[in-house]
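The values are calculated or read from the model by the stated rules, or taken from the named source; none is laboratory data. Quick caveat: nothing in here was measured; it's all calculated off a predicted structure. Methodologically, a virtual Cβ is constructed for each residue, glycine included, from the backbone with ideal geometry; neighbour enumeration extends over all protein chains shown. Side chains are part of the model used for accessible areas, which takes the heavy atoms of the whole protein and leaves out ligands, DNA and RNA. Shrake-Rupley method; radii C 1.70, N 1.55, O 1.52, S 1.80 Å.
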Amino acid sequence: MIDIAREAFGLAGINVEYVNMSWARALQQARDGYVDAVVGALPGDAPDFVFPKAAIGYSKIALYTHPDNNWQFSGVDSLSQFTLLAINGYAYSPELDSYIAKYQDDPEKVWILSGPAPLSRAIELLHQRRSDVFPEDRYVMQWQLEQDGSAESLRMATVIHESPLYVAFSPVGSDSLELAALLSEGAKALQSTGRVAEILARYGLSWSD
């Protein structure tokens, strides 16, 4: 999504500077006007933000467990016997988000992770059996496990939610509407020339995914 955004804005002569920080901090920095946008937002993540018409990504949220855990998901009530990991500020699905909000102060049921590298921490905790279930975008998880050289080291129990993904712009930015429109226009142009397909192919993805 960052690669697409860089090239889409490049068509309008705008340079993109990407800064890695925790998701909760990124949302707050955008709400305070210190950054222009956040990357990879679901509408539930930031309902007050300015969303472009065009999504430039697609999310499939899956639940992951240790490979020896044969638990089957049958609604959020089936999580009650386990410790669920969640990243601070993330939206996963309406049903799961409500469950997390309900039990976020009960570390036996929900363990909230923060910091700049929560995904790596979550994978480590699942490997160590210190927690049981973790929701994550399946493409993000697949990429991370491949980079770690351990593609088969976790079990994907189920996909619980699918949604378009967006670059969402600061609710206080004076040019957020303009930037959102430029991103949509640029992404559409890149898709029409086949450039989006070339970018996705570098990551082993296609638009049909």
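With the condition kept exactly as written, say whether any residue in the range 78-90 is touching a Ser or Thr at 6+ places or on another chain (Cβ under 9 Å) and more than 21 Å from Ser163 (Cβ to Cβ).
Among the residues of the range 78-90, at least one is touching a Ser or Thr at 6+ places or on another chain (Cβ under 9 Å) and more than 21 Å from Ser163 (Cβ to Cβ), which makes the answer yes.
Among the residues in the range 198-206, are any modelled with pLDDT of 95 or more, open to solvent by 60 Å² or more (accessible area, probe 1.4 Å) and aromatic (Phe, Trp, Tyr)?
No: the range 198-206 contains no residue that is modelled with pLDDT of 95 or more, open to solvent by 60 Å² or more (accessible area, probe 1.4 Å) and aromatic (Phe, Trp, Tyr).
For the range 60-89, what are the residues that are more than 22 Å from Ser153 (Cβ to Cβ) and of a type outside the set (A, V, I, L, M)?
Those that are more than 22 Å from Ser153 (Cβ to Cβ) and of a type outside the set (A, V, I, L, M): Ser74, Gly75, Asp77, Ser78, Ser80, Gln81, Asn88, Gly89.
Tally time: how many residues in the range 1-23 are under 18 Å from Val140 (Cα atoms), out of contact with any strand residue (DSSP E or B) (no Cβ under 7 Å at 6 or more places or on another chain) and small (Gly, Ala, Ser)?
Count: 1.
Listed residues Ser120, Ser153; which is in contact (Cβ under 8 Å) with a residue 12 or more places away in the chain, within 18 Å of the chain's Cα centre (by Cα) and over 18 Å from Leu96 (Cα atoms)? Break it down into steps so the answer makes sense when it comes.
Numbers: Ser153 fails: within 18 Å of the chain's Cα centre (by Cα).
Residue meeting the stated conditions: Ser120.
Which of the residues belonging to the range 112-140 are basic (Lys, Arg) and in contact with a His (Cβ under 7 Å, 6 or more places away or on another chain)?
Residues of the range 112-140 that are basic (Lys, Arg), as a first pass: 121, 129-130, 138.
Of everything in the range 112-140, just one residue is basic (Lys, Arg) and in contact with a His (Cβ under 7 Å, 6 or more places away or on another chain), namely Arg129.
Only one of (1) open to solvent by 30 Å² or more (accessible area, probe 1.4 Å); (2) out of contact with any helix residue (DSSP H, G or I) (no Cβ under 6 Å at 6 or more places or on another chain) fails for Lys60. Which number is that?
(2)
Here is a list of conditions, (1) under 25 Å from Phe169 (Cβ atoms); (2) in contact with a helix residue (DSSP H, G or I) (Cβ under 6 Å, 6 or more places away or on another chain); (3) in a strand (DSSP E or B), and Pro52 meets all of them except one; can you say which number that is?
That leaves (3) as the condition not met.
Determine whether Ala62 is assigned to a strand (DSSP E or B) and modelled with pLDDT of 95 or more.
Details: assigned to a strand (DSSP E or B): yes; modelled with pLDDT of 95 or more: yes.
Yes: the conditions hold for Ala62.
Name the residues in the range 82-100 that are surrounded by fewer than 17 Cβ atoms within 10 Å (Cβ to Cβ) and free of Cβ contacts under 8 Å to residues at least 24 places away in the same chain, would you?
Within the range 82-100, Ser98 is the sole residue that qualifies.
Quick one: how many residues across the range 65-81 are in a loop (DSSP other than H, G, I, E, B) and either of a type outside the set (D, E, K, R) or buried (at least 21 other Cβ atoms within 10 Å of the Cβ) (or both)?
Total satisfying the criteria: 11.
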